[in-house]
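Read the structure below first, then the notes.
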Amino acid sequence: MDHFLYRNGALHAEDVPVATMAAEVGTPFYCYSTATFERHFTVFQDGLKALDPLICYAVKANSNLAVLKTLARLGAGADVVSEGEYRRALAAGIPGQRIIFSGVGKTRDELRFALENDVRQINVESEPELEALNDVALSMGTRAPVSMRVNPDVDAQTHEKISTGKAENKFGIAFDDAPAIYAKAAAMAGIEVVGVDMHIGSQLTNLEPFREAYTRMRDLVERLEAAGIPIPRLDIGGGLGVPYERTNSIPPLPTDYGKVVSEVFEGWEDREFECEPGRLIAANAGVLVAKVVYVKHAGDRRFLILDAAMNDLIRPALYDAWHDIEPVVEAEPGAELFAYDVVGPICESGDTFAKARMLPELKPGDLVAFRSAGAYGAVMSSEYNTRPPAPEVIVKGEEFAIARPRLTYDDMLGKDCIPEWLTEQT
Ligand code: LLP
(Lines give C-alpha, C1' and ligand atoms only; values in the text may rest on other atoms or scores of the structure.)
Protein backbone atom coordinates (compact mmCIF):
# COMPACT_ATOMS: atom_id res chain seq x y z
CA MET A 1 0.00 0.00 0.00
CA ASP A 2 1.17 3.51 -0.69
CA HIS A 3 0.06 7.05 -0.01
CA PHE A 4 -0.45 8.30 -3.57
CA LEU A 5 -4.21 8.40 -3.88
CA TYR A 6 -6.88 10.37 -5.68
CA ARG A 7 -8.95 12.66 -3.49
CA ASN A 8 -11.86 14.42 -5.14
CA GLY A 9 -10.36 13.52 -8.49
CA ALA A 10 -6.91 14.98 -7.78
CA LEU A 11 -3.83 12.81 -7.20
CA HIS A 12 -2.33 13.49 -3.79
CA ALA A 13 0.92 12.49 -2.16
CA GLU A 14 -0.25 12.01 1.40
CA ASP A 15 -2.15 15.26 2.05
CA VAL A 16 -0.54 17.36 -0.68
CA PRO A 17 -2.07 17.69 -4.16
CA VAL A 18 0.53 16.68 -6.74
CA ALA A 19 -0.57 19.62 -8.91
CA THR A 20 0.30 22.05 -6.10
CA MET A 21 3.85 20.76 -5.98
CA ALA A 22 4.11 20.83 -9.77
CA ALA A 23 3.09 24.49 -9.76
CA GLU A 24 5.74 25.27 -7.19
CA VAL A 25 8.75 23.22 -8.34
CA GLY A 26 7.98 22.79 -12.03
CA THR A 27 8.05 19.53 -13.96
CA PRO A 28 9.40 16.93 -14.22
CA PHE A 29 10.04 16.11 -10.57
CA TYR A 30 10.26 13.12 -8.29
CA CYS A 31 7.94 13.04 -5.33
CA TYR A 32 8.49 10.77 -2.32
CA SER A 33 6.10 9.92 0.48
CA THR A 34 7.50 9.66 3.99
CA ALA A 35 4.53 7.62 5.24
CA THR A 36 5.02 5.11 2.44
CA PHE A 37 8.73 4.69 3.19
CA GLU A 38 7.85 4.18 6.83
CA ARG A 39 5.10 1.74 6.03
CA HIS A 40 7.25 -0.39 3.72
CA PHE A 41 10.05 -0.52 6.24
CA THR A 42 7.70 -1.56 9.02
CA VAL A 43 5.86 -4.15 6.92
CA PHE A 44 9.16 -5.70 5.90
CA GLN A 45 10.38 -5.72 9.49
CA ASP A 46 7.14 -7.34 10.66
CA GLY A 47 7.32 -9.97 7.94
CA LEU A 48 10.73 -11.06 9.19
CA LYS A 49 10.21 -10.59 12.89
CA ALA A 50 10.81 -14.26 13.72
CA LEU A 51 14.47 -13.73 12.81
CA ASP A 52 14.68 -10.09 13.87
CA PRO A 53 17.22 -9.09 11.20
CA LEU A 54 19.16 -5.86 10.96
CA ILE A 55 17.60 -4.23 7.90
CA CYS A 56 20.41 -2.62 5.95
CA TYR A 57 18.54 -0.62 3.33
CA ALA A 58 20.26 -0.85 -0.08
CA VAL A 59 21.25 2.77 -0.56
CA LYS A 60 21.64 2.32 -4.32
CA ALA A 61 17.84 2.19 -4.71
CA ASN A 62 17.40 5.79 -3.56
CA SER A 63 20.27 7.56 -1.89
CA ASN A 64 18.74 10.97 -1.26
CA LEU A 65 19.81 12.10 2.20
CA ALA A 66 16.24 12.96 3.17
CA VAL A 67 15.20 9.39 2.35
CA LEU A 68 18.17 7.91 4.20
CA LYS A 69 17.43 10.04 7.24
CA THR A 70 13.78 8.99 7.17
CA LEU A 71 14.85 5.34 7.25
CA ALA A 72 17.68 5.89 9.73
CA ARG A 73 15.13 7.22 12.21
CA LEU A 74 13.33 3.89 12.00
CA GLY A 75 16.53 2.08 12.89
CA ALA A 76 17.62 1.08 9.39
CA GLY A 77 21.22 0.24 8.69
CA ALA A 78 22.65 0.63 5.20
CA ASP A 79 24.02 -1.60 2.48
CA VAL A 80 26.42 0.47 0.41
CA VAL A 81 28.44 -0.29 -2.71
CA SER A 82 30.83 2.65 -2.94
CA GLU A 83 32.64 5.15 -0.76
CA GLY A 84 30.15 7.72 -1.97
CA GLU A 85 27.22 5.70 -0.68
CA TYR A 86 29.12 5.06 2.56
CA ARG A 87 29.53 8.79 2.99
CA ARG A 88 25.83 9.33 2.33
CA ALA A 89 24.88 6.76 4.98
CA LEU A 90 27.17 8.41 7.52
CA ALA A 91 25.84 11.85 6.60
CA ALA A 92 22.31 10.58 7.26
CA GLY A 93 23.36 9.54 10.76
CA ILE A 94 23.74 5.80 10.16
CA PRO A 95 26.74 4.67 12.21
CA GLY A 96 29.46 2.46 10.68
CA GLN A 97 28.36 -0.40 12.91
CA ARG A 98 25.12 -0.50 10.91
CA ILE A 99 26.77 -0.26 7.49
CA ILE A 100 27.54 -3.23 5.27
CA PHE A 101 29.93 -2.62 2.40
CA SER A 102 29.06 -4.73 -0.65
CA GLY A 103 30.24 -4.64 -4.26
CA VAL A 104 32.39 -6.54 -6.68
CA GLY A 105 35.18 -4.00 -7.22
CA LYS A 106 35.89 -2.14 -4.00
CA THR A 107 39.24 -0.39 -4.27
CA ARG A 108 41.90 -0.38 -1.55
CA ASP A 109 41.11 3.25 -0.85
CA GLU A 110 37.43 2.41 -0.39
CA LEU A 111 38.28 -0.54 1.87
CA ARG A 112 40.49 1.71 3.98
CA PHE A 113 37.74 4.31 4.21
CA ALA A 114 35.32 1.65 5.46
CA LEU A 115 37.77 0.37 8.09
CA GLU A 116 38.49 3.92 9.24
CA ASN A 117 34.76 4.43 9.63
CA ASP A 118 33.95 1.49 11.86
CA VAL A 119 32.29 -0.65 9.19
CA ARG A 120 30.04 -3.40 10.48
CA GLN A 121 31.05 -5.84 7.79
CA ILE A 122 32.64 -6.01 4.39
CA ASN A 123 31.02 -8.44 1.98
CA VAL A 124 34.00 -9.74 0.06
CA GLU A 125 33.33 -10.99 -3.44
CA SER A 126 36.62 -12.55 -4.59
CA GLU A 127 39.94 -13.95 -3.45
CA PRO A 128 41.96 -10.98 -4.77
CA GLU A 129 39.66 -8.64 -2.84
CA LEU A 130 40.19 -10.74 0.29
CA GLU A 131 43.96 -10.42 -0.13
CA ALA A 132 43.74 -6.68 -0.71
CA LEU A 133 41.55 -6.24 2.35
CA ASN A 134 43.93 -8.29 4.48
CA ASP A 135 46.82 -6.04 3.37
CA VAL A 136 44.87 -2.87 4.06
CA ALA A 137 43.76 -4.05 7.50
CA LEU A 138 47.26 -5.13 8.47
CA SER A 139 48.70 -1.80 7.33
CA MET A 140 46.22 -0.14 9.67
CA GLY A 141 46.95 -2.55 12.52
CA THR A 142 43.38 -3.80 12.56
CA ARG A 143 41.24 -6.76 11.50
CA ALA A 144 38.49 -6.43 8.92
CA PRO A 145 35.09 -7.99 9.70
CA VAL A 146 34.26 -10.10 6.66
CA SER A 147 31.35 -12.00 5.20
CA MET A 148 32.03 -13.72 1.90
CA ARG A 149 29.41 -13.23 -0.77
CA VAL A 150 28.80 -16.70 -2.12
CA ASN A 151 27.25 -17.22 -5.52
CA PRO A 152 24.78 -20.09 -5.10
CA ASP A 153 24.26 -20.61 -8.85
CA VAL A 154 20.51 -20.24 -8.60
CA ASP A 155 18.31 -18.79 -11.33
CA ALA A 156 16.45 -15.85 -9.78
CA GLN A 157 13.92 -15.86 -12.68
CA THR A 158 14.17 -12.12 -13.14
CA HIS A 159 15.42 -9.79 -15.90
CA GLU A 160 18.87 -10.92 -17.07
CA LYS A 161 20.42 -7.52 -16.31
CA ILE A 162 19.46 -7.69 -12.64
CA SER A 163 20.09 -11.38 -12.03
CA THR A 164 23.21 -11.86 -9.88
CA GLY A 165 23.22 -15.37 -8.43
CA LYS A 166 24.06 -17.53 -11.45
CA ALA A 167 27.56 -18.91 -11.94
CA GLU A 168 27.90 -16.82 -15.13
CA ASN A 169 27.28 -13.54 -13.24
CA LYS A 170 30.26 -11.55 -12.00
CA PHE A 171 29.15 -11.61 -8.37
CA GLY A 172 30.49 -13.50 -5.38
CA ILE A 173 32.78 -16.46 -5.01
CA ALA A 174 31.82 -19.72 -6.68
CA PHE A 175 29.84 -21.93 -4.35
CA ASP A 176 32.23 -24.85 -4.64
CA ASP A 177 35.25 -22.65 -3.90
CA ALA A 178 33.73 -21.25 -0.72
CA PRO A 179 35.12 -23.77 1.83
CA ALA A 180 38.71 -23.30 0.63
CA ILE A 181 38.45 -19.50 0.53
CA TYR A 182 36.86 -19.42 3.99
CA ALA A 183 39.71 -21.57 5.33
CA LYS A 184 42.18 -19.13 3.80
CA ALA A 185 40.32 -16.12 5.24
CA ALA A 186 40.14 -17.67 8.70
CA ALA A 187 43.92 -18.00 8.71
CA MET A 188 44.61 -14.37 7.70
CA ALA A 189 45.80 -12.06 10.46
CA GLY A 190 43.97 -9.05 9.03
CA ILE A 191 40.61 -10.79 8.55
CA GLU A 192 37.93 -11.70 11.04
CA VAL A 193 35.32 -13.96 9.47
CA VAL A 194 31.91 -12.87 10.75
CA GLY A 195 29.42 -14.31 8.31
CA VAL A 196 28.20 -15.39 4.91
CA ASP A 197 26.27 -13.33 2.36
CA MET A 198 24.08 -13.97 -0.65
CA HIS A 199 22.15 -11.75 -3.04
CA ILE A 200 20.76 -13.52 -6.08
CA GLY A 201 19.07 -10.71 -7.95
CA SER A 202 16.51 -7.98 -7.92
CA GLN A 203 12.75 -7.81 -8.60
CA LEU A 204 12.18 -11.46 -7.71
CA THR A 205 8.50 -12.28 -7.85
CA ASN A 206 8.85 -16.00 -7.21
CA LEU A 207 9.99 -17.12 -3.76
CA GLU A 208 11.36 -20.50 -4.77
CA PRO A 209 14.79 -19.18 -5.91
CA PHE A 210 15.14 -17.58 -2.46
CA ARG A 211 14.30 -20.89 -0.81
CA GLU A 212 16.83 -22.70 -2.96
CA ALA A 213 19.60 -20.16 -2.34
CA TYR A 214 18.98 -19.99 1.42
CA THR A 215 18.97 -23.76 1.68
CA ARG A 216 22.37 -23.82 -0.01
CA MET A 217 23.51 -21.09 2.36
CA ARG A 218 22.43 -23.07 5.40
CA ASP A 219 24.21 -26.19 4.13
CA LEU A 220 27.35 -24.18 3.50
CA VAL A 221 27.30 -22.70 7.00
CA GLU A 222 26.95 -26.20 8.46
CA ARG A 223 29.94 -27.37 6.44
CA LEU A 224 32.04 -24.36 7.45
CA GLU A 225 31.21 -24.78 11.11
CA ALA A 226 31.99 -28.51 10.93
CA ALA A 227 35.39 -27.40 9.62
CA GLY A 228 35.86 -25.18 12.68
CA ILE A 229 34.94 -21.80 11.17
CA PRO A 230 32.09 -20.19 13.16
CA ILE A 231 29.60 -18.19 11.08
CA PRO A 232 27.52 -16.09 13.47
CA ARG A 233 25.95 -13.80 10.84
CA LEU A 234 23.82 -14.51 7.81
CA ASP A 235 23.24 -11.76 5.28
CA ILE A 236 20.33 -12.93 3.16
CA GLY A 237 20.47 -10.08 0.64
CA GLY A 238 17.67 -8.08 -0.93
CA GLY A 239 15.74 -8.64 -4.11
CA LEU A 240 12.09 -9.02 -3.14
CA GLY A 241 10.01 -7.72 -6.04
CA VAL A 242 7.26 -5.12 -6.08
CA PRO A 243 4.05 -4.81 -8.12
CA TYR A 244 4.93 -2.49 -11.00
CA GLU A 245 1.75 -3.29 -12.88
CA ARG A 246 -0.64 -2.85 -10.03
CA THR A 247 -3.81 -3.99 -11.73
CA ASN A 248 -2.26 -7.15 -12.95
CA SER A 249 0.48 -8.47 -10.66
CA ILE A 250 0.54 -9.94 -7.21
CA PRO A 251 4.12 -10.20 -6.02
CA PRO A 252 4.83 -12.09 -2.83
CA LEU A 253 4.19 -10.20 0.38
CA PRO A 254 6.96 -9.66 2.92
CA THR A 255 5.11 -12.09 5.21
CA ASP A 256 5.30 -14.82 2.54
CA TYR A 257 8.99 -14.09 2.11
CA GLY A 258 9.49 -14.10 5.89
CA LYS A 259 7.82 -17.50 6.03
CA VAL A 260 10.26 -18.95 3.51
CA VAL A 261 13.22 -17.55 5.43
CA SER A 262 11.89 -18.84 8.75
CA GLU A 263 11.23 -22.28 7.29
CA VAL A 264 14.73 -22.60 5.87
CA PHE A 265 16.40 -21.29 9.00
CA GLU A 266 14.17 -22.96 11.55
CA GLY A 267 16.07 -23.41 14.80
CA TRP A 268 18.66 -20.78 13.80
CA GLU A 269 16.86 -17.87 15.44
CA ASP A 270 19.76 -17.16 17.80
CA ARG A 271 22.03 -16.18 14.90
CA GLU A 272 22.35 -12.63 13.65
CA PHE A 273 20.40 -12.10 10.44
CA GLU A 274 20.87 -9.19 8.09
CA CYS A 275 19.04 -8.23 4.92
CA GLU A 276 19.50 -5.62 2.22
CA PRO A 277 16.17 -4.65 0.66
CA GLY A 278 16.16 -1.64 -1.63
CA ARG A 279 13.32 -1.72 -4.13
CA LEU A 280 10.75 -3.07 -1.70
CA ILE A 281 11.27 -0.10 0.59
CA ALA A 282 11.64 2.62 -2.02
CA ALA A 283 9.93 1.80 -5.33
CA ASN A 284 6.32 2.48 -4.46
CA ALA A 285 7.24 5.34 -2.15
CA GLY A 286 7.97 7.59 -5.14
CA VAL A 287 6.43 8.87 -8.35
CA LEU A 288 7.86 10.85 -11.23
CA VAL A 289 5.57 13.67 -12.27
CA ALA A 290 5.75 14.94 -15.84
CA LYS A 291 3.82 17.33 -18.04
CA VAL A 292 2.46 16.69 -21.52
CA VAL A 293 4.30 18.91 -24.01
CA TYR A 294 2.58 17.78 -27.20
CA VAL A 295 0.20 15.14 -28.45
CA LYS A 296 1.27 14.09 -31.90
CA HIS A 297 -0.93 12.09 -34.21
CA ALA A 298 1.02 10.14 -36.83
CA GLY A 299 -1.11 7.84 -38.95
CA ASP A 300 -3.08 5.85 -36.43
CA ARG A 301 -0.51 6.39 -33.68
CA ARG A 302 -0.78 8.89 -30.88
CA PHE A 303 2.46 9.99 -29.29
CA LEU A 304 2.23 11.54 -25.86
CA ILE A 305 5.37 13.68 -25.70
CA LEU A 306 6.34 14.50 -22.12
CA ASP A 307 8.83 16.83 -20.51
CA ALA A 308 10.39 13.85 -18.66
CA ALA A 309 12.79 11.62 -20.52
CA MET A 310 15.06 8.62 -20.26
CA ASN A 311 17.64 10.81 -18.54
CA ASP A 312 15.16 11.11 -15.65
CA LEU A 313 13.86 7.54 -15.59
CA ILE A 314 15.91 5.06 -17.57
CA ARG A 315 14.27 1.82 -16.44
CA PRO A 316 11.90 1.42 -19.42
CA ALA A 317 14.76 1.98 -21.90
CA LEU A 318 17.22 -0.23 -20.04
CA TYR A 319 15.09 -3.12 -18.82
CA ASP A 320 11.87 -2.72 -20.82
CA ALA A 321 10.40 -1.96 -17.42
CA TRP A 322 6.74 -1.22 -16.97
CA HIS A 323 5.70 1.77 -14.86
CA ASP A 324 2.03 2.50 -14.35
CA ILE A 325 1.16 5.95 -15.70
CA GLU A 326 -1.71 7.89 -14.17
CA PRO A 327 -3.17 11.25 -15.05
CA VAL A 328 -2.88 13.62 -12.10
CA VAL A 329 -6.51 14.63 -12.70
CA GLU A 330 -8.50 11.43 -12.34
CA ALA A 331 -10.41 10.33 -15.43
CA GLU A 332 -14.19 10.30 -15.21
CA PRO A 333 -15.53 6.79 -14.60
CA GLY A 334 -16.08 5.11 -17.94
CA ALA A 335 -14.01 7.70 -19.84
CA GLU A 336 -12.85 6.49 -23.23
CA LEU A 337 -9.26 5.23 -23.30
CA PHE A 338 -6.80 5.69 -26.14
CA ALA A 339 -3.56 3.88 -26.97
CA TYR A 340 -0.64 6.28 -26.51
CA ASP A 341 3.04 5.79 -27.17
CA VAL A 342 4.43 7.68 -24.19
CA VAL A 343 7.79 9.25 -25.03
CA GLY A 344 10.30 11.83 -23.90
CA PRO A 345 12.04 14.53 -25.94
CA ILE A 346 15.47 12.87 -26.14
CA CYS A 347 16.89 12.20 -29.55
CA GLU A 348 16.74 8.43 -29.63
CA SER A 349 13.94 5.96 -30.08
CA GLY A 350 14.88 4.29 -26.79
CA ASP A 351 13.43 7.35 -25.07
CA THR A 352 10.09 5.60 -24.92
CA PHE A 353 8.36 4.99 -21.62
CA ALA A 354 5.51 2.87 -22.90
CA LYS A 355 3.95 1.72 -26.15
CA ALA A 356 0.21 1.59 -26.80
CA ARG A 357 -0.54 2.49 -23.19
CA MET A 358 -4.26 2.87 -22.60
CA LEU A 359 -4.92 6.29 -21.09
CA PRO A 360 -7.78 8.76 -21.08
CA GLU A 361 -7.48 11.67 -23.48
CA LEU A 362 -4.62 13.98 -22.47
CA LYS A 363 -3.78 17.45 -23.68
CA PRO A 364 -0.67 19.65 -23.57
CA GLY A 365 -0.21 20.98 -20.04
CA ASP A 366 -1.81 17.95 -18.37
CA LEU A 367 0.20 16.20 -15.68
CA VAL A 368 0.90 12.49 -15.43
CA ALA A 369 2.58 10.45 -12.70
CA PHE A 370 4.83 7.44 -13.25
CA ARG A 371 4.25 5.11 -10.35
CA SER A 372 6.84 2.93 -8.62
CA ALA A 373 9.61 5.39 -9.43
CA GLY A 374 11.05 5.74 -5.92
CA ALA A 375 13.69 3.06 -6.49
CA TYR A 376 16.30 3.16 -9.25
CA GLY A 377 14.73 6.34 -10.59
CA ALA A 378 16.49 9.54 -9.55
CA VAL A 379 19.67 7.63 -8.66
CA MET A 380 20.04 6.45 -12.25
CA SER A 381 19.30 9.81 -13.82
CA SER A 382 21.82 11.71 -15.91
CA GLU A 383 22.29 15.00 -17.70
CA TYR A 384 22.07 13.37 -21.14
CA ASN A 385 21.07 15.91 -23.79
CA THR A 386 22.13 18.55 -21.23
CA ARG A 387 18.82 18.21 -19.49
CA PRO A 388 18.72 19.04 -15.79
CA PRO A 389 17.68 15.82 -14.02
CA ALA A 390 14.31 15.95 -12.31
CA PRO A 391 14.52 17.44 -8.81
CA GLU A 392 13.32 15.50 -5.76
CA VAL A 393 10.57 16.51 -3.37
CA ILE A 394 9.60 14.72 -0.16
CA VAL A 395 6.18 14.90 1.43
CA LYS A 396 5.24 14.35 5.05
CA GLY A 397 1.56 14.77 5.82
CA GLU A 398 0.57 18.25 4.69
CA GLU A 399 4.15 19.42 4.25
CA PHE A 400 6.52 19.06 1.36
CA ALA A 401 10.12 20.07 0.92
CA ILE A 402 12.67 20.04 -1.85
CA ALA A 403 15.11 17.22 -1.15
CA ARG A 404 17.27 17.97 -4.19
CA PRO A 405 16.77 21.08 -6.30
CA ARG A 406 16.76 21.21 -10.06
CA LEU A 407 20.20 22.09 -11.42
CA THR A 408 20.38 25.37 -13.28
CA TYR A 409 21.96 25.53 -16.71
CA ASP A 410 24.81 27.49 -15.13
CA ASP A 411 25.32 24.63 -12.63
CA MET A 412 25.56 22.17 -15.47
CA LEU A 413 27.77 24.20 -17.79
CA GLY A 414 29.89 25.30 -14.85
CA LYS A 415 31.06 21.75 -14.21
CA ASP A 416 33.14 21.65 -17.35
CA CYS A 417 36.64 23.09 -17.49
CA ILE A 418 38.16 24.64 -20.58
CA PRO A 419 41.81 23.66 -21.06
CA GLU A 420 44.24 26.52 -21.30
CA TRP A 421 45.04 25.88 -24.96
CA LEU A 422 41.45 26.61 -25.84
CA THR A 423 41.36 29.87 -23.96
CA GLU A 424 44.29 31.36 -25.85
CA GLN A 425 43.48 33.72 -28.74
CA THR A 426 44.38 32.31 -32.10
N1 LLP B 1 22.23 -5.92 -2.09
C2 LLP B 1 23.05 -5.99 -3.16
C3 LLP B 1 24.40 -6.51 -3.00
C4 LLP B 1 22.58 -5.57 -4.42
O5 LLP B 1 23.40 -5.66 -5.48
C6 LLP B 1 21.27 -5.07 -4.56
C7 LLP B 1 20.76 -4.61 -5.86
C8 LLP B 1 20.46 -5.00 -3.41
C9 LLP B 1 20.97 -5.44 -2.20
C10 LLP B 1 19.05 -4.47 -3.44
O11 LLP B 1 18.21 -5.22 -4.24
P12 LLP B 1 16.65 -4.87 -4.28
O13 LLP B 1 16.07 -5.23 -2.94
O14 LLP B 1 16.52 -3.44 -4.57
O15 LLP B 1 16.10 -5.72 -5.36
N16 LLP B 1 18.73 -0.78 -11.44
C17 LLP B 1 17.97 -2.03 -11.42
C18 LLP B 1 18.13 -2.79 -10.12
C19 LLP B 1 19.57 -3.16 -9.82
C20 LLP B 1 19.73 -3.89 -8.52
C21 LLP B 1 21.16 -4.14 -8.22
N22 LLP B 1 21.44 -4.69 -6.95
C23 LLP B 1 16.50 -1.71 -11.70
O24 LLP B 1 16.16 -0.55 -11.90
O25 LLP B 1 15.68 -2.61 -11.74
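The values are calculated or read from the model by the stated rules, or taken from the named source; none is laboratory data. Just so we're clear, the structure is a prediction, and the values are computed from it rather than from any experiment. When we count neighbours, we look across all protein chains shown, and the Cβ atoms used for this are built from the backbone with ideal geometry, even at glycine. Just so you know, the surface numbers come from the protein's heavy atoms only, side chains and all, with ligands and any DNA or RNA stripped out. Shrake-Rupley method; radii C 1.70, N 1.55, O 1.52, S 1.80 Å.
A few notes on this one:
- Contact order, relative form, for the chain: 19 percent (alpha carbon pairs under 8 Å, 6 or more residues apart, mean separation divided by residue count).
- The range 269-426: equivalent-ellipsoid semi-axes (sqrt of 5 x gyration tensor eigenvalues, Cα, Å): 30, 27, 16
- Between the beta carbons of I418 and K170, assuming R0 = 45 Å, the FRET efficiency works out to 0.75 to the nearest 0.05.
- Three principal axis lengths of the range 186-284 [C-alpha, angstrom, descending]: 53, 27, 19
- Taking amide hydrogens as placed 1.01 Å from N in the peptide plane, the amide H of A403 sits under 5 Å from those of E392, V393, I394, each at least 5 positions away in sequence or on another chain.
- For the range 330-416, the equivalent ellipsoid derived from the alpha-carbon gyration tensor has semi-axes of 28, 20, 12 Å in decreasing order.
- A Cβ-based charge dipole, computed about the Cα centre of the chain with Lys and Arg at +1 and Asp and Glu at -1, lands at about 380 debye.
- Counted residue by residue at 0.36 nm each, then reduced by the alpha carbon distance between them, the extension gain from V104 to E383 reaches 97.8 nm.
- Near-label residues of the range 157-178 by backbone N, under 20 Å of a point 7 Å along Cα→Cβ of L318: 157-166, 169-172
- Under the Debye formula (equal points on every Cα, no solvent term), log10 I(q)/I(0) of the range 141-234 at q = 0.16, 0.22, 0.25 Å⁻¹: -0.65, -1.05, -1.24
- Length-normalised contact order for the range 34-281 - Cα pairs under 8 Å, 6+ apart - percent: 22 percent
- Residues T205 and F338, FRET efficiency given R0 of 30 Å [Cβ-Cβ distance, rounded to 0.05]: 0.50
- Here the translational diffusion coefficient of the range 376-426 follows from Stokes-Einstein with Rh set to the Kirkwood radius across Cα pairs; for 25 °C and 0.890 mPa s it amounts to 179 µm²/s.
- In plain terms, the chain from E269 to A356 could stretch by 26.4 nm, reckoned as 0.36 nm per residue minus the Cα-Cα distance.
- The packing ranking, built from the mean of other Cβ atoms within 10 Å per residue, places the peptides 315-323, 208-216 in the order 208-216, 315-323, highest first.
- Candidate lysines - alpha carbon under 18 Å from K291, same-chain residues fewer than 8 apart omitted: K355, K363
- Computing FRET efficiency as 1/(1 + (r/R0)^6) for R218 and A401, where r is the C-beta to C-beta distance and R0 is 51 Å, gives about 0.70.
- Reachable aspartates and glutamates from K415, criterion Cα separation under 17 angstrom, eight or more residues apart if same chain: E383
- Over the Cα atoms of the chain, the radius of gyration divided by the Kirkwood radius equals 1.01; this is the Rg/Rh ratio.
- In the chain, taking the dipole from charged Cβ atoms about the Cα centre, the farthest positive-side position among L304, P316, P53 is held by L304.
- Of the residues I418, I305, the one with the largest accessible area comes first in the ranking I418, I305, computed with a 1.4 Å probe on protein heavy atoms.
- The convex hull around the C-alpha trace of the range 34-281, projected and averaged over every direction, spans 12.3 square nanometres.
- Extending 7 Å from Cα along the Cβ direction at E348 and again at R301 yields two label points whose distance is 1.8 nm.
- Between the amide H of A144 and those of I191, E192, distances stay under 5 Å, these residues lying 5 or more places away or on another chain, with hydrogens modeled in the peptide plane.
- For the pair E330 and H159, label points projected 7 Å from Cα toward Cβ lie 3.0 nm apart.
- DSSP assigns beta bridges within the range 34-281; of those with both partners inside it, close to 5 percent run antiparallel.
- Figure legend: label point modelled 7 angstrom from the Cα of S139 along Cα→Cβ; residues of the range 97-126 with amide N under 16 Å from it are 106-117.
- Seen from all directions on average, the range 1-64 presents a Cα convex hull projection of 5.6 nm².
- Cα-based Lys pair tally, the range 34-281, threshold under 19 Å, eight or more apart or on separate chains: 7
- Spacing of the two label points (7 Å from each Cα toward its C-beta) at V293 and E245, in nm: 2.9 nm
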